[in-house]
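Okay, structure first, notes after.
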Amino acid sequence: MKKVNKKVMVKGVDISSLTKRQQDVMKKHSKHHTGKHMKSMTAMMKRGKTFTESHKAAQKKVGR
């Protein structure tokens, strides 16, 4: 039987490529930040940055 992957979205950003733990943290984090911030963070985390590293970089790059 084929497994169906459901897209996990937060503020219009697809976070399904992140780990389950990262997805859970991003869901909580999204309450305090914009979609643009979340998109920037997700892209950096996909490339291997940690949550904290990507958050700090996103704050500088796109703001809150």
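The values are calculated or read from the model by the stated rules, or taken from the named source; none is laboratory data. Quick caveat: nothing in here was measured; it's all calculated off a predicted structure. Methodologically, a virtual Cβ is constructed for each residue, glycine included, from the backbone with ideal geometry; neighbour enumeration extends over all protein chains shown. The area values use the complete protein model at the heavy-atom level, side chains included, leaving out ligands, DNA and RNA. Shrake-Rupley method; radii C 1.70, N 1.55, O 1.52, S 1.80 Å.
Gain in length, Met9 to Thr50, computed as 0.36 nm per residue apart minus the alpha-carbon separation, to one decimal in nm?
Extra length from Met9 to Thr50 when fully extended: 12.8 nm.
Tell me the per residue accessible area of the chain using a 1.4 Å probe; a whole number in Å² is fine. Display every interim value, and only then the final one.
On the way: 4880 Å² over 64 residues.
Result: 76 Å² of accessible area for each residue.
Is there a quick way to get the dipole size of the chain? I mean about its Cα centre, with the Cβ of Lys and Arg at +1 and of Asp and Glu at -1; what is the value in debye to the nearest 20?
That gives a dipole near 80 debye.
Heavy atoms only, probe 1.4 Å: what % of the accessible area of the chain goes to carbon and sulfur, would you let me know?
Looking at the chain in its full context, I get 54 percent from C and S.
Less than 28 Å apart at the alpha-carbon level, and either on another chain or at least 8 residues along: which lysines does that give for Lys6?
Lys20, Lys27, Lys28, Lys31, Lys36, Lys39, Lys46, Lys49
Cα-based Rg of the chain per 2.2 N^0.38 Å, rounded to two decimals?
1.11
Helix 51-61 sits at what angle to the longest principal axis of the chain, using alpha carbons and giving 0 to 90 degrees rounded to 10?
The answer is roughly 50 degrees.
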